[in-house]
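No value in this document is a laboratory result; all are computed from the given coordinates. All figures in this text were calculated on a predicted structure; none of them were measured in a lab. Glycine gets a Cβ as well: all are built from the backbone with ideal geometry, and neighbour counts include every protein chain shown.
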Amino acid sequence: MTNACCTQTQRPSVVAMIWKDQRVWLASIVIFALLLIFDRTQAFASLEKVVVSLTHTGPYLLLSIGIAAWAGASDADGLIAKAFTGTPALMILLGAVAGGFSPFCSCGVIPLIAALLAMRVPLSAVMAFWLASPVMDPSMFLLTSGVLGFEFAIAKTIAAVSLGIFGGFTVHILSGTAALKDPLKDGVGGGCGASAVQEDKPVVWAFWKDAVRREKFKNEALKTTLFLAKWLILAFLLESLMLAWIPADMVTKALGGTGVGPIAVATFVGVPAYLNGYAALPLVGGLIEQGMAPGAGLAFLVAGGVTSLPAAIAVWALVKPKVFGLYLVLSLSGAFMAGLIFQAWSVI
């Protein structure tokens, strides 16, 4: 009788199971339902924003999901992990440079980060790539040059690589702490307790010829796609409401002026006010024309690029809270320092 009672007590309710597994989807559904009831115009505007944002990031997401699933299905994950072996300093430098010139956005890089961490690639090298990647890419460099000038584009590229190096070495110094052990949340990419990748396994490049490997590829791709979809839909939905309900002139007033103060304000305002890498450029260009310090503009772009709402939510879903906190601290402090240095350079 006692055992039955204990078993009954330990069994989670249906509501608890649904909330645990589907709470992110439910949150998006509830928000959209409330918008339909109280503000139908905004509901359809938010729906359009979600669709457009997913369409824009779709190619990068599909590419990164495909690479992550391919690595697992072909056993190339060991080969990739082996590429990140060597002296920590070299791996951090390579990760930062690769991130600064990669075409992945802050959301598109998430599946690759999950795969690398699951392979037990050192968090320091992964963090270097992670921080640098969303700030700059080849197309963004050209667009930045056209909108803000070649010097600003160079400064943003240097800031991206420097942020990666700064974050990578900081994590390396802290790597002995318990907080950075097993950074992935349980159930994500193997989660806590995932075994290390066997690097000596042969790579099966043509994995599609094997039914088991095809199934593994399909399952991994589907799992990653659903994981990203539920978080990004919620993120883009919240972002649409932020853009609709936060007046643009409030952002303009907050970022105006010169000196150290506006750089600090721009660093923190960049987190909620950053639209996307392309929309933020003309905003910053207009603010600089109105007298905003170039250093504040760079701090806004760097901080917003790394910690924009969709990116932050995706990172929160991926790693444990202490690693997420470190990610935010490194992003904001690095963006602030980049703004200060660029401002000092601009007045020389």
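Which ordering of I113, I288, I29 is given by a fewest-first count of other beta-carbon atoms within 10 Å?
Final ranking by Cβ density, sparse to dense: I29, I288, I113.
Would you please give the residues with an amide H less than 5 Å from that of V319, counting only those at least 5 places away or on a separate chain, with H modeled from the backbone geometry?
For V319, the qualifying residues are K185.
Need one number: nm distance between label points at M242 and L222, each 7 Å from Cα along Cα→Cβ, rounded to one decimal.
Here the answer is 3.3 nm between the modelled labels.
Listed here are the pairs K156/K216; K156/K218; K181/K216; K218/K322; K49/K216; K218/K320; which of them are more than 30 Å apart at the Cα?
Distance filter (> 30 Å) returns K156/K216; K156/K218; K218/K322; K49/K216.
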